[in-house]
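Written below as structure tokens is the structure these notes are about.
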Amino acid sequence: MGINTQIEVTDLHKSFGKNEVLKGITTTFEKGDVVCIIGPSGSGKSTFLRSLNGLEAATSGDIIVDGFNLTDKNTDINLVRQNVGMVFQHFNLFPNMTVFENITYAPIQLKKQSKAEAEEKALHLLEAVGLLEKKDTMPDMLSGGQKQRVAIARALAMDPDVMLFDEPTSALDPEMVGDVLDLMRRIADDGMTMLIVTHEMGFARKVANRVIFTDGGLILEDGTPEDVFDHPKHPRLQDFLSKVL
Ligand code: ADP
Ligand code: MG
């Protein structure tokens, strides 16, 4: 494990009952990596991402995040999770809180920051995502693109070391997708470690330094965007790209 390794996954298996969804995933992610994960529906992309912050418990294998082994019973999973932000396809904002409260809630509750600090940071984040004027709005009143930008601001408010994105633009109307991808690109430019499950191949090509293709619960290809998109080796990847590009 190198000095810049942030996540190390070794022979990760995950089954739901008899359905083995992850069949032995081994990989590492370095600080500052921006990795897009692509692959057919049902190939285990979400299960993999959710395993990295303990939303799914591994059946076997090791997952080390920031030096903490998630599969070790003595690891305080909540502490690890505070450093791993997650953004979901369907936003998952707290519906009964304003935009501002959505962003300040976890940092204050988990005592990661003082109230004043959390509120000041939330204002900065809202400005950065272009939604300062929506501060006191309830999530219901926002468009999908605005909700997702709030969800991203909420995740960033915890000062995570890693951000996980699970198809962050898949539920958005087409005209909203660009704003969210632009925001993600700015976060990447700031040096954040990001793992992004996405079908946005243009984004993957431009922003990722690495692209992983999963199918059938395995990583079948892992390389630069150029390797994966222009010189796909595995027949399943070639077939996948012929359908999505
Ligand atoms: P992807 O994100 O690549 O579409 P998923 O990780 O969501 O794939 O799902 C992979 C497989 O695992 C699917 O067959 C799905 O039905 C199954 N699966 C995912 N989550 C659960 C769960 N909580 N319980 C049972 N089966 C699940
Ligand atoms: Mg999924």
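Brief remarks follow.
- Backbone HN-Hα couplings from phi across the stretch 92-97 [Karplus 6.51/-1.76/1.60, Hz, Gly and Pro as x]: 6, 6, 6, x, 9, 10
- In this simple spin-label model, placing a label point 7 Å from the Cα along the Cα-to-Cβ direction at both D190 and E101 gives a separation of 2.5 nm.
- Within the shell defined by Cβ-Cβ distances under 13 Å, the residues around K147 carry a net charge of 0, with Lys and Arg each +1 and Asp and Glu each -1.
- Listed by chain and number, the aspartates and glutamates whose C-alpha is less than 18 Å from the C-alpha of K23, apart from same-chain residues fewer than 8 away, are E8, D11, E56, D62, D215, E221, D222.
- Percent RCO, i.e. relative contact order, over the chain, from Cα pairs under 8 Å lying at least 6 residues apart: 26 percent
- With 0.36 nm allotted per residue and the present C-alpha distance subtracted, the T10-S60 stretch has 17.1 nm of extension available.
- Given their separation in residues at 0.36 nm each and the Cα-Cα distance between them, D182 and K233 gain 15.3 nm when the chain is fully extended.
- Checking the cross-link pairs K112/K135; K147/K206; K111/K135; K115/K135; K45/K233; K45/K135 against a 26 Å limit on the alpha carbon distance flags K45/K135 as lying beyond it.
- Gain on full stretching of the segment that runs from S114 to D72 - 0.36 nm per residue minus C-alpha separation: 12.1 nm
- To the nearest ten degrees, helix 235-244 and the longest principal axis of the Cα atoms of the chain are 40 degrees apart.
- Lys, Arg +1 and Asp, Glu -1 on Cβ, resulting dipole of the stretch 68-153 about Cα centre, debye, nearest 20: 180 debye
- Rounded to 10°, Cα long-axis angle of helix 174-189 versus longest principal axis of the chain: 90 degrees
Quick note: the coordinates plus some simple rules give every number you see, no bench work behind them. Predicted model only: the values in this text are computed from it and were never measured. When we count neighbours, we look across all protein chains shown, and the Cβ atoms used for this are built from the backbone with ideal geometry, even at glycine.
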